[in-house]
1. From the list SER124, SER144, SER114, SER130, pick out the single residue that is in contact with an Asp or Glu (Cβ under 8 Å, 6 or more places away or on another chain) and at pLDDT 95 or above.
2. Can you name the condition, by its number, that SER104 falls short on among (1) touching an Asp or Glu at 6+ places or on another chain (Cβ under 7 Å); (2) more than 25 Å from LEU12 (Cβ to Cβ)?
3. With respect to LYS3, determine if the residue is more than 10 Å from the ligand (Cβ to nearest atom), out of contact with any Phe, Trp or Tyr (no Cβ under 9 Å at 6 or more places or on another chain), within 19 Å of PHE169 (Cα to Cα) and free of Cβ contacts under 8 Å to residues at least 40 places away in the same chain.
4. Could we say that LYS59 is closer than 16 Å to ALA27 by Cα and either modelled with pLDDT under 95 or more than 19 Å from the chain's Cα centre (by Cα) (or both) here?
5. Of these, GLY73, GLY38, which one is surrounded by fewer than 18 Cβ atoms within 10 Å (Cβ to Cβ), in a loop (DSSP other than H, G, I, E, B) and not aromatic (Phe, Trp, Tyr)?
6. Filter the range 23-54 down to residues that are more than 8 Å from the ligand (Cβ to nearest atom) and over 13 Å from THR91 (Cβ atoms), then give me how many there are.
7. Being more than 13 Å from the ligand (Cβ to nearest atom) and outside any helix (DSSP H, G or I) is the filter here, so list the residues in the range 156-186 that pass it.
8. Out of the range 103-135, which residues are of a type in the set (Val, Ile, Thr) and within 11 Å of the ligand (Cβ to nearest atom)?
Amino acid sequence: MEKNEFKIGNTLIELVLGDITEMDTDAIVNAANSSLLGGGGVDGAIHRKGGLKIFEECKKIRATKYPSGLPTGEAVITSAGNLKSQFVIHTVGPVWQGGIHDESKLLEKAYDSSLRLALSKGLSSISFPSISTGAYNYPIKQASFVALNAIIKFADKQQKIAKIVMVLFSKKTFDIYLTTAKSLFK
Ligand code: ADP
């Protein structure tokens, strides 16, 4: 598994080339859609491997807290069913619409909401996919700056989450994130 590590204070930030459904961090993040009822890409992979328990909990969240869907940038937590992690944090990234519809702010918020939720649950490690860069079409290089800056900003402020991992699914995406990380972690 290809892997690079960076440090912000006591927080380890890792870039990994791999499949997020294989990660054993306390939580993995799902790039969900607002329905919370499943989709393609990483969402489909998490529900397929994690099993019905995650889906049932998502349905309950829809029925109780978010009857009209989870707004973009917000995050909720469920257990992780059959996955190696303990929890799945479901967040909704923005759909790319040319960059003039607050996409970067909303993408930053998706990372930040997920990290805050993990912190509030006392978790010490979390893995993210590259939110919004699949079906939602966010340009990868721009997304990599938003994602890593959000993570750095959060890591700067806290000491509790010891490890934050970006799990990149293709070599191309991994290389783009790595180039961005090398420019940001100096
Ligand atoms: P979005 O709708 O937010 O764009 P997608 O799931 O379509 O979400 O894509 C987000 C990113 O997740 C893409 O870079 C995609 O290649 C990647 N991805 C898909 N499956 C996995 C997986 N199993 N593990 C990690 N990343 C994945």
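The values are calculated or read from the model by the stated rules, or taken from the named source; none is laboratory data. Model, not experiment: these values are computed from the prediction. Methodologically, a virtual Cβ is constructed for each residue, glycine included, from the backbone with ideal geometry; neighbour enumeration extends over all protein chains shown.
1. Going through SER124, SER144, SER114, SER130 in turn, just one is in contact with an Asp or Glu (Cβ under 8 Å, 6 or more places away or on another chain) and at pLDDT 95 or above: SER124.
2. It fails just one condition, (1).
3. yes
4. Considered against the rule, which asks whether it is closer than 16 Å to ALA27 by Cα and either modelled with pLDDT under 95 or more than 19 Å from the chain's Cα centre (by Cα) (or both), LYS59 comes out as no.
5. Just a single option satisfies the conditions, and that option is GLY38.
6. The total comes to 15.
7. Within the range 156-186, GLN158, GLN159, LYS160, ILE161, ALA162, LYS163, ILE164, PHE185, LYS186 meet the criteria.
8. ILE131, THR133
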